[in-house]
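Engineer: Got a structure here, written out as structure tokens. Questions coming.
The values are calculated or read from the model by the stated rules, or taken from the named source; none is laboratory data. The structure presented is a predicted model; accordingly, all values stated were derived computationally and were not measured. Neighbour counts run over all protein chains shown; Cβ positions are idealised from the backbone, glycine included.
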Amino acid sequence: MPETTTFVPRSADELLLYTPQYPNCRLSLVSGQPVMSSSVLAANALFVCNYAGAQMPHYNPDQLVWRTDVFSETKILVTNGTGAQQVTTNSNYDVYGYAVQGRILFAISPAWAGDNTIGTGPFSAERTTVAGIQLNRWDIVGGPTAMRGTYIGSFRTNSTNTVDWQYGGAAAGWQPGLHGLWNNFNRKMVSGFIADTTASWTWTSTAFRPAGGNSTNARVQVIIGVSEDGVTATYGLRTQNANQVVAPLIGIGLDSSVSSAAMMTIGGFTNSGFNNPSAVFSQLIAPGFHFLQPIEAVSAAGSTVTFSAFGATPAFQAGMTYSFMA
């Protein structure tokens, strides 16, 4: 197989019908692991890993030509960089592959305009599409000029200008799921579980709040680069009513800790009995940085419901499972 291939269309219509080979890559936080098998926190670099090949298509807007060159795994510094590699805290960025004299390089876009807004105009992260592949709409400082970079994925920085990937887990006060990396090609299913090992707590208000009153750890954070795959989550636990006039309510908030975006089952009105309510979330999520949060309320103000997440006799561990493509 040649290391370089070039497609030259005979007309603009032929260009629109042409589908270049998709990139053989995945973004990762671990060298040599295109699909990460464990959590990585506070990573200061990304790795563009080879996956099922080494091809990287890139576009020449002046000649209306698609070309494909090979690449090797490449490390991209997130922090302590200059030009295109300079990032800020709590922001979204895209990653592009492009060619300089047949050599494939990678660059980071300007920051998105907001958590859920890519932005438009020069010096923004705006994209455009040719032959089904998204490209950088504008020049990227220190990277590709307009429409010469192939969009391969996105990432989210945290409060220390690094990137987190954590599969969640069970801990006192919850352990969050943190997924600050997303691949535009060769996506894989990501699944996790978040839970609180605290035995129980109570709530008496009809207003929804984060499960256990924990607003930061009781959630799953994800970045989505393109809205193409569904995101699912299921939350359940054990509850006990104080009297028959109150029922437990649980839900899953999307970017909210006070309203539910999930289908909910309401716990029964059994007097001092146990219930097992649940909530199911399944939606396409718009591009951006989002969180899913288990939330809770009661059906009648002033009445007490005990929410139980962990027990030894009989043994159980409640929590929220989730899955998405990245």
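Engineer: Looking at this structure, is Ser278 modelled with pLDDT under 95, touching a Gly at 6+ places or on another chain (Cβ under 8 Å) and among the small types (Gly, Ala, Ser)?
Structural biologist: Yes.
Engineer: Could you tell me how many of the residues in segment 116-132 are modelled with pLDDT under 95 and crowded, with 16+ Cβ neighbours inside 10 Å?
Structural biologist: Qualifying residue count for the region: 2.
Engineer: Looking only at segment 76-94, decide whether some residue is more than 26 Å from the chain's Cα centre (by Cα), under 24 Å from Phe123 (Cα atoms) and modelled with pLDDT under 90.
Structural biologist: Looking through segment 76-94, none of the residues is more than 26 Å from the chain's Cα centre (by Cα), under 24 Å from Phe123 (Cα atoms) and modelled with pLDDT under 90.
Engineer: Ok, one more. Contact list please: Cβ distance under 9 Å, first residue in segment 287-301 and outside the structural domain of Asn217 (by TED's automatic domain parsing), second residue of a type in the set (D, E, K, R) and outside any strand (DSSP E or B), pairs at least six apart or on different chains.
Structural biologist: none
Engineer: Give the number of residues within segment 97-109 that are assigned to a loop (DSSP other than H, G, I, E, B) and surrounded by fewer than 23 Cβ atoms within 10 Å (Cβ to Cβ).
Structural biologist: Residues in segment 97-109 being assigned to a loop (DSSP other than H, G, I, E, B) and surrounded by fewer than 23 Cβ atoms within 10 Å (Cβ to Cβ): 2 in total.
Engineer: Pairs, please: C-beta under 6 Å, at least 6 apart or cross-chain, first residue in contact (Cβ under 8 Å) with a residue 24 or more places away in the chain and in segment 156-170, second assigned to a strand (DSSP E or B) and among the small types (Gly, Ala, Ser)?
Structural biologist: Once the first residue is in contact (Cβ under 8 Å) with a residue 24 or more places away in the chain and sits in segment 156-170, its partners that are assigned to a strand (DSSP E or B) and among the small types (Gly, Ala, Ser) give Thr162/Ala42; Thr162/Ala43; Val163/Ala43; Tyr167/Gly192; Gly168/Gly177; Gly168/Gly192; Ala170/Ala195.
Engineer: If Asn44 satisfies every condition in (1) of a type outside the set (Gly, Ala, Ser); (2) at pLDDT 95 or above; (3) under 23 Å from the mean Cα position of the chain (by Cα) but one, which is the exception?
Structural biologist: Unmet condition: (2).
Engineer: Answer yes or no: is there a residue in segment 253-261 that is modelled with pLDDT under 80, in a loop (DSSP other than H, G, I, E, B) and aliphatic (A, V, I, L, M).
Structural biologist: So far as segment 253-261 goes, no, none of its residues is modelled with pLDDT under 80, in a loop (DSSP other than H, G, I, E, B) and aliphatic (A, V, I, L, M).
Engineer: Quick one: in segment 303-319, which of the residues that are under 11 Å from Thr239 (Cα atoms) and outside any strand (DSSP E or B) is modelled with the highest pLDDT?
Structural biologist: It comes out as Ala318.
Engineer: On to the next question. Having 2 or more residues that are buried (at least 16 other Cβ atoms within 10 Å of the Cβ) and over 14 Å from the mean Cα position of the chain (by Cα) is the bar; report the strands (runs of 3 or more DSSP E) wholly within segment 133-229 that clear it.
Structural biologist: 133-136, 150-156, 163-171, 189-196, 200-203
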